Amino acid sequence: MPYDEIEDINSTETTPSGVSFDIKGFLFKVLKFWKLFVLCIAVGLVVAYSINVRKQNVYRLSSLISIENDQNPFFAANTSISFNWGGVSGKVGKIMIAMGTRSHNEKVVDSLQFYLQYLKQGKYRKVDVYKKAPFYVEIDKTKPQVIGRAITIRFLNNSQFELNIDFVSDMVKGQSYRNKIITNITVPIGKYNKVFNIGEHVALPFASFTLFVRPDVTITPGSEYFVQFLNFDSVVNKYKGAVSVKPYSKTSSSILKLSLTGYNKDKIVDYLNATASILGQTDLERKNLYATNTIKFIDSSLSIVGDTLKAANYTMNAFRKKNKVFDVSSELEEVSEKLSELDLRKEANDSKLQYLNILENYLRTKTDYTKIAAPTSVGIEEKNISASVSKITALSIERQELEQLVQEGSSSLKELDGSIDAEKNVLLETIASTKRTINIQQQTIRANKLNLEKRLSTLPEDQQEFLKIQRKLTLSQESYDVFMAKRSEAAIIKAANVSDIFIIEEAKDIGNGPVGPNKKLNYMMALMIGFFGPLVLVFVLFLLDNTIHGTDEIKRLSKIPILGLIGKYEHENNLVVFDKPKSAVAEAFRSVRSSLQFFYKKIDKKGGRTIMLTSSVSGEGKTFCSINIASVYALSGKKTILLGLDLRKPKIFDDFDIDNNIGIVNYLIGDKTLEEVTFKSHIDNFDVVTSGPIPPNPSELLMSDAMHDLIVDLRSKYDMIVLDSPPLGLVTDALILSQYADASLFIVRLNYTKKGMLELVNAKHKSGELKNISYILNFYEANHNYGYGYGYGYGYGYGAYGNVYHESYKDKSFLDTIKDRLKKIGLFKGR
């Protein structure tokens, strides 16, 4: 660097311009770890591939159902009540909720026996083959089946199979699928196997079933399958909520699309179709509940009326056998017919009163109002009663459905209970009013009967008895006919009733491809993880790394100039400039020498020039640079002396084949003269003064007058005095020596020196303790990927010029090493 630039920078503030995130340095750091990125991405892709080939394909199938609002009248128009679920929109919501209930999924799982698995060993796992298994088993639901253990079925031939299972303990769990109770089963420890005939009942403590071969299937001897029983509740929980229910379109809210995903297409098809079928069955059962209760009530009434009719016929036959047939006058016959009509009316009212009393008692003592018979079954025509009974029944059914979805005591149930209680109170008042009306009618009927019976009292007793029996027989027959008509009407309506849930399109496997796993996504995730994983690692390392990596960082942290760049060079000793004068490192030291020459021209001092080299800590190449800077001056004809002033950790003597028994310490304490501690090196114009024995007070010796006199004396004898001082970051000796230095060089080792040490140098320079200081960047690697930007145009070792002019960096052979040794001692000359 030109001296003018150095002078200008040294005369300015040394406080760094500001610290910010080094994006360029981070990017070069990332490039440095490119192999790690490639490795992580490759590993990620291998893992993604492994996952993709091992994961089972996931399929999604669907079906369509329609929810209709069919207000089907229960009886004829003049006698029945309407059974309305509350409109399509409300019913659709209930159906959608019902499909997620446990009770519904229990029915589906139980009907399909999905707690029984048929498995076959695949490449990576046991695969559920379901209906593709060449056999099926009929289990005994009353006996417990071992759950969670695969039972091996190995076919020996077309008529026999071997059952195998391995038990690690003498107790396993078994479940009976009739009552779903789980019990403990005692089993033999170890491997159990037994041969059975196909079609023979397998009766074991842990399994009870019969195996059959599917029709038109040929058994392959030696083929092996597995049968596994699962926990019924676990299977239900798996499918509970698994069916996705959505309106088919915004305009058709009553059409629902049912979707289900799974590993086996046949299972998905069966589950969706069974779900729709059971929904329809359940809906029809609820719609027929009212009719079923009415038929039961009519049947119980028919039984009583039938017995009465039989008794009346028996009485009539007995009377006729005992007495002759009478001829009654037409007038009295008319009176008898009127009495019969009154009896029929009285009997009808008695049935009504009986129904109303039963209904009133039921409402007051029961909480389940879904079993109420229709009022029209006994001829009650009051619309208020029929409407109230219909509404209470509908609300009760709705409550039963809601109980499956919410907990008892919830606000929804409380609101529904309030509606039921309100309607019940209205119905009880209507019942009381109707009973009063019927009782008044009964009083009128009794009075009319009494008047007519007085007119018949003029007849002989036997004729009166005959007419009485005849009226009772007619009354019983009429009642029986009415009840039979009502029952036939209810049965016809029930038989004609259909579910409001229709299957528009059944689920079917039409060859749709899998929807998962998303293999592309897995590969993308692998690429992202493989890239961003090491990126985060490099980012963390970059943040935690507080070492200096290049000149850009030095320029950002300090305004002290960089005087030179010393490359990394593998050599057996520190005498690189002497041993390898054509190397890039030697040229770098010559460049430092040139920069110092510009600097020294501006210094108005007589005698030799002094250079102090220091660093932050040991190991940064301070001694290496000291020796080689002294060497380039000596080789240029300058009389040079190197002073080993690192009194605490002496080093420089090894490279000159001298010992450290005496040195500058001996001189400073007055034990030796300068001539006695000065050694001539094998390099012309190059003298060395080692440190000597380690003193107890090195700082005091460097501060002594003897040290001052030594520098004055050396300036008169040598052109260049190189001071190899102790590290600045460890002790204060370098600050003591800086007063004797015309130029100070602070050695910064690439990837070694801490950034914080530059703050120390900045502070010392700012306070004036360090003057005329510059940086030397040491241990630069030619393949380093960031922190360049020097602008010096060195380019050592690059391109054709570097390859021709500079010596190779390749390792020396053993023979070359011997030759170099002989050259040093003058026993070998040659090229």
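Evaluation of Leu395 against the conditions (1) in contact with a helix residue (DSSP H, G or I) (Cβ under 6 Å, 6 or more places away or on another chain); (2) touching a residue at least 40 places away in the same chain (Cβ under 8 Å); (3) among the hydrophobic types (A, V, I, L, M, F, W, C) shows that the sole unmet condition is (2).
The single condition among (1) part of a strand (DSSP E or B); (2) surrounded by 11 or more Cβ atoms within 10 Å (Cβ to Cβ) that Asp233 does not meet is (1). Looking across Phe229, Phe206, Phe212, one residue alone is touching an Asp or Glu at 6+ places or on another chain (Cβ under 8 Å) and over 30 Å from Thr376 (Cβ atoms). It is Phe212.
Conditions (1) over 21 Å from Arg436 (Cβ atoms); (2) buried (at least 21 other Cβ atoms within 10 Å of the Cβ); (3) of a type in the set (A, V, I, L, M, F, W, C), marked per residue:
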| site | (1), (2), (3) |
| --- | --- |
| Asn357 | no, no, no |
| Arg364 | no, no, no |
| Ile372 | yes, yes, yes |
| Ile385 | no, yes, yes |
| Ser388 | no, yes, no |
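The set of residues in the range 463-495 that are closer than 30 Å to Gly280 by Cβ and either touching a residue at least 40 places away in the same chain (Cβ under 8 Å) or basic (Lys, Arg) (or both) comprises Lys486, Arg487, Glu489, Ala490, Ala491, Ile493, Lys494.
Take Asn546 and decide whether it is surrounded by fewer than 16 Cβ atoms within 10 Å (Cβ to Cβ), under 30 Å from Tyr775 (Cα atoms) and polar (S, T, N, Q). Answer is yes for this residue.
Listed by first and then second residue, the pairs linking a residue in the range 736-747 that is on the phi > 0 side of the Ramachandran plot and of a type outside the set (Phe, Trp, Tyr) to a residue that is open to solvent by 20 Å² or more (accessible area, probe 1.4 Å) and not in a strand (DSSP E or B), with Cβ atoms under 8 Å apart and 6 or more places separating them unless they lie on different chains, form an empty list. So, in the range 698-725, of the ones that are without any contact (Cβ under 8 Å) to a residue 40 or more places away in the chain and within 16 Å of Asp646 (Cβ to Cβ), which residue ends up surrounded by the most Cβ atoms within 10 Å (Cβ to Cβ)? Filtering first and then ranking leaves Met707. All of Ser774, Ser716, Ser691 fail the test of being over 60 Å from the mean Cα position of the chain (by Cα) and either under 30 Å from Ile548 (Cβ atoms) or assigned to a loop (DSSP other than H, G, I, E, B) (or both), apart from Ser691. Among the conditions (1) in contact with a helix residue (DSSP H, G or I) (Cβ under 8 Å, 6 or more places away or on another chain); (2) crowded, with 18+ Cβ neighbours inside 10 Å; (3) within 30 Å of Pro561 (Cβ to Cβ); (4) not aromatic (Phe, Trp, Tyr), Thr732 misses just one, which is (2). Within the range 100-151, the set of residues being surrounded by fewer than 19 Cβ atoms within 10 Å (Cβ to Cβ), farther than 27 Å from Thr282 by Cβ and touching a helix residue (DSSP H, G or I) at 6+ places or on another chain (Cβ under 7 Å) comprises Tyr124 only. For the range 407-421, filtered to residues that are among the small types (Gly, Ala, Ser) and surrounded by 11 or more Cβ atoms within 10 Å (Cβ to Cβ), the residue that is modelled with the highest pLDDT is Ser419.
Is it true that Val482 is within 30 Å of Tyr271 (Cβ to Cβ) and at pLDDT below 85? Judged against the criteria, Val482 is not a match.
Residue count for the range 96-129, restricted to those that are touching a strand residue (DSSP E or B) at 6+ places or on another chain (Cβ under 6 Å) and assigned to a helix (DSSP H, G or I): 1.
Scanning for something open to solvent by 40 Å² or more (accessible area, probe 1.4 Å), outside any loop (DSSP other than H, G, I, E, B), at pLDDT 85 or above and of a type in the set (Ser, Thr, Tyr), does the range 431-441 turn up at least one residue? There is at least one residue in the range 431-441 that is open to solvent by 40 Å² or more (accessible area, probe 1.4 Å), outside any loop (DSSP other than H, G, I, E, B), at pLDDT 85 or above and of a type in the set (Ser, Thr, Tyr).
Evaluated against (1) assigned to a helix (DSSP H, G or I); (2) within 26 Å of Ser594 (Cβ to Cβ), His708 falls short on exactly one condition, (2).
Cβ-Cβ distances below 9 Å connect the following pairs, each with a first residue in the range 266-294 that is closer than 18 Å to Leu61 by Cα and part of a helix (DSSP H, G or I), a second residue that is open to solvent by 20 Å² or more (accessible area, probe 1.4 Å) and of a type in the set (Asp, Glu), and a separation of six or more residues or different chains: Asp266/Asp509; Lys267/Asp128; Ile268/Asp509; Val269/Glu506; Val269/Asp509; Leu272/Glu506; Asn273/Glu506; Ala276/Glu506. Whenever a residue of the range 527-538 is open to solvent by 80 Å² or more (accessible area, probe 1.4 Å), its partners that are part of a helix (DSSP H, G or I), lying with C-beta atoms within less than 7 angstrom and at least six residues away or across chains, give the pairs Ile529/Gly44; Phe531/Phe37; Phe531/Ile41.
Out of curiosity, is Leu541 in contact with a Phe, Trp or Tyr (Cβ under 9 Å, 6 or more places away or on another chain) and either open to solvent by 50 Å² or more (accessible area, probe 1.4 Å) or not in a helix (DSSP H, G or I) (or both)? Yes: the conditions hold for Leu541. Identify, please: which residue in the range 25-58 is surrounded by 15 or more Cβ atoms within 10 Å (Cβ to Cβ), assigned to a helix (DSSP H, G or I) and over 26 Å from the mean Cα position of the chain (by Cα) and is, among those, modelled with the lowest pLDDT? Applying the filter and picking the extreme gives Gly25. When Leu645, Leu596, Leu613 are checked against the criterion of being under 26 Å from Thr732 (Cα atoms), in contact (Cβ under 8 Å) with a residue 60 or more places away in the chain and either touching a Pro at 6+ places or on another chain (Cβ under 8 Å) or surrounded by fewer than 20 Cβ atoms within 10 Å (Cβ to Cβ) (or both), a single residue qualifies: Leu645. If you scan the range 503-526, which residues turn out to be part of a strand (DSSP E or B) and open to solvent by 90 Å² or more (accessible area, probe 1.4 Å)? Within the range 503-526, Ile504, Glu505 qualify. A residue that is touching a Leu at 6+ places or on another chain (Cβ under 7 Å), open to solvent by 30 Å² or more (accessible area, probe 1.4 Å) and in contact (Cβ under 8 Å) with a residue 12 or more places away in the chain occurs nowhere in the range 683-693. Every condition in (1) within 23 Å of Phe114 (Cα to Cα); (2) at pLDDT below 95 is met by Ser159 except one, and the failing one is (1).
What's the total number of residues in the range 361-386 that are within 22 Å of Glu398 (Cα to Cα) and part of a loop (DSSP other than H, G, I, E, B)?
Keep residues of the range 361-386 that are within 22 Å of Glu398 (Cα to Cα), which gives 362-375, 384-386.
From what is left, the residues that are part of a loop (DSSP other than H, G, I, E, B) are 366-374.
Selection size over the range 361-386: 9.
The values are calculated or read from the model by the stated rules, or taken from the named source; none is laboratory data. Please read these numbers as outputs of a predicted model, since none were measured by experiment. So basically every Cβ, Gly included, is an ideal-geometry build from the backbone, and we count neighbours across all protein chains shown. Keep in mind that these areas ignore ligands, DNA and RNA; they rest on the heavy atoms of the full protein, side chains included. Shrake-Rupley method; radii C 1.70, N 1.55, O 1.52, S 1.80 Å.
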